[in-house]
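The values are calculated or read from the model by the stated rules, or taken from the named source; none is laboratory data. Just so it is clear, the structure is predicted and the values come from calculations on it, not from any experiment. Every residue, glycine among them, receives a Cβ derived from its backbone with ideal geometry; neighbour counts consider all protein chains shown. When the accessible area is computed, the model is the full protein with side chains, heavy atoms only, and any ligands, DNA or RNA have been set aside. Shrake-Rupley method; radii C 1.70, N 1.55, O 1.52, S 1.80 Å.
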Amino acid sequence: LKEMMLKVVENGQIQINPERFNKTYFNWVNNLHDWCISRQIWFGHRIPVWYRETNGQKEIFCGITAPEGSDWVQDEDTLDTWFSSALWTFSTLGWPDETADLSKYHPTTILETGYDILFFWVARMILMSTYHLGEIPFKHVYLHGLVRDSKGQKMSKSLGNIIDPVDLINKYGADAVRMSLLVGNAAGNDSKLSEDKVKGYKHFTNKVWNAVKFLEMRGVFADEVLVENKKTTKDELLLRELDDLVREVTKDLEGFNLHLGSDRLYQFFWKRFADEIIEESKEIIINKEGNHTPEEIASRLSTLKIMIETLLKLLHPF
């Protein structure tokens, strides 16, 4: 069993991100300890062990089905939660039956979870899948850190420092909460969360909303604004700059550098697009002084349409 668990990570079939947690994984598997598997909980797989005592002689039987004979009593405890959750990647797809979902969706691509349960859950899923199905459960493991309070302390009821995400969402919106959990938080590192931080990203979501509203008022989304309109040299340069951004964010996503991709978009949208490009565009598309040709106006409207739609698509995963 250990050899199966080690092999699929050693040969790169399963890639753990950040890579430094490979060492933690191998350390766990190579230094296994005895472990209390029983739990006194209502739901779970009941421990397949039966006991009886005959003429002062104690007997124990372990098996899938009850032993023959009378007076056998099955253990009342269940196997702990990790036994059932270890089956997650395939038990949810109809296993042990050979279903269409199982053949289509297993193995899955990415598992995302906290680094603190790398062994308790991730390693056990790898064990169960390689043992029962002869294949890996997932190709990539993305490990996030623990979310701590503003002082870096672990949240707990006794300390009274728990931040309820639902409260933050109701107050500042889901997008602000999402961004505050992503920007600057590299994989595998603990992060500090405070209401002030979420409030800061609420300002960002407002900035996005205001930018879209302004462009809408100025006719950027009108049907007659065609993205294929001929562009001025200046607008071609803006679109080239946008292409560079798309490449960089795509690279961040594919490399699981979500903290870099989200920050890159935050900086570009606020400082470059909203504060500079839109401000500069006001003089062209509003054309107060009448010194811009219809072709220049059409080019800028078309460019703004491409930019805002692309930026919203890039922001969406974050």
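Results for (1) on the phi < 0 side of the Ramachandran plot; (2) outside any loop (DSSP other than H, G, I, E, B); (3) open to solvent by less than 40 Å² (accessible area, probe 1.4 Å); (4) among the acidic types (Asp, Glu), shown as yes or no for each residue.
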| site | (1), (2), (3), (4) |
| --- | --- |
| GLU283 | yes, yes, no, yes |
| SER299 | yes, yes, yes, no |
| LYS313 | yes, yes, no, no |
| PHE318 | yes, no, yes, no |
Fill in the blank from the handout: If we ask which residues in the stretch 38-71 are exposed (fewer than 13 other Cβ atoms within 10 Å of the Cβ) and under 23 Å from SER84 (Cβ atoms), their number turns out to be 11
Completion exercise
Reported set for the stretch 176-215 where residues are in contact with a Pro (Cβ under 7 Å, 6 or more places away or on another chain) and open to solvent by 30 Å² or more (accessible area, probe 1.4 Å) is none
Completion exercise
Screening LEU304, LEU226, LEU237 for residues that are touching a residue at least 40 places away in the same chain (Cβ under 8 Å) and outside any loop (DSSP other than H, G, I, E, B) leaves only LEU304
Handout entry: Test for TRP95: is it of a type in the set (Phe, Trp, Tyr) and at pLDDT 95 or above
Key = yes
Problem - Number of the condition not met by PHE256 [criteria: (1) part of a helix (DSSP H, G or I); (2) crowded, with 19+ Cβ neighbours inside 10 Å; (3) not acidic (Asp, Glu)] - result: (1)
Completion exercise
By my count, helices (runs of 4 or more DSSP H) wholly in the stretch 1-104 with at least 1 residues that are among the small types (Gly, Ala, Ser) are 81-85, 88-91
Problem - Residue among ASN17, ASN30, ASN11 that is free of Cβ contacts under 8 Å to residues at least 40 places away in the same chain and either surrounded by 11 or more Cβ atoms within 10 Å (Cβ to Cβ) or within 30 Å of GLU254 (Cα to Cα) (or both) - result: ASN11
Practice task
Those residues that are in contact with a Lys or Arg (Cβ under 8 Å, 6 or more places away or on another chain) and open to solvent by 60 Å² or more (accessible area, probe 1.4 Å), I need them from the stretch 102-116; list them, please.
Solution key: THR109, ILE110
Completion exercise
Apart from one, (1) farther than 30 Å from HIS106 by Cα; (2) open to solvent by 60 Å² or more (accessible area, probe 1.4 Å) all hold for GLN74; the odd one out is (2)
Practice task
Taking THR99 as meeting all but one of (1) open to solvent by 70 Å² or more (accessible area, probe 1.4 Å); (2) under 30 Å from the mean Cα position of the chain (by Cα); (3) farther than 22 Å from ARG124 by Cα; (4) not hydrophobic (A, V, I, L, M, F, W, C), write down the number of the exception.
Solution key: (1)
Practice task
Residues being under 16 Å from the mean Cα position of the chain (by Cα), open to solvent by less than 30 Å² (accessible area, probe 1.4 Å) and free of Cβ contacts under 8 Å to residues at least 60 places away in the same chain: count how many of those fall in the stretch 141-175.
Solution key: 1
